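What follows draws every value from the coordinates through simple rules; no lab data is involved. Everything quoted here is computed from the prediction, not taken from an experiment. Heads up, the Cβs are rebuilt from the backbone with ideal geometry, glycines too, and the neighbour counts pull from every protein chain shown.
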Amino acid sequence: MQLGAGNRAAGSMRWAKGLDNPCAGGCYLPLFRLEPTRNSALMALKIRLSRIGSTHQPHYRIVVAETRSRRDGDAVETLGTYDPRTKGKQVNLKLDRVDYWIGKGAKPSDTLHSMIKRARRGLSSAPSAAPSAAPAAVPEAAPAAAS
């Protein structure tokens, strides 16, 4: 069952695909290809924003989603929220779950990479802000006691 044996050299013969293929274990030509499924464990994951706000009122969820899914499609897990219109704290984020998913191989988008860095900076600077407020209260109490 050789194909093209007449116009090719003897060493470069092609064989038809099938069970009578002489490449028993020497060549890689799978008879049955495995199709990737939608729920495959090998799917690439992204940490990204999913918009839930109405027109002119943006509000976002921070989600872990498959890379090929729609922007507002089904998410694997919701990690937090982002409200760009509020003053003060705009991002509510579960950093422990972010670390978990990054450890599993999820890649944050560029926007979320900067938001995660900012949230970690805010988390690390928050404990140092509390001790600086305590020494400022002590000198105020001392002049009041002297009077």
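In table form, for the structure just shown:
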| quantity | calculated |
| --- | --- |
| Approximate spin-label separation I102-T55, in nm, with each point projected 7 Å along Cα-to-Cβ | 3.8 |
| Protection-proxy order for peptides 85-95, 57-67, each taking the mean of Cβ atoms within 10 Å per residue, highest first | 57-67, 85-95 |
| Convex hull volume per residue for region 45-121, taking Cα atoms only, in Å³ | 84 |
| For R71, R48, R120, order by how many other beta-carbon atoms lie within 10 Å, fewest first | R71, R120, R48 |
| Local electrostatic count, R97, Cβ distance below 11 Å [Lys/Arg +1, Asp/Glu -1] | -1 |
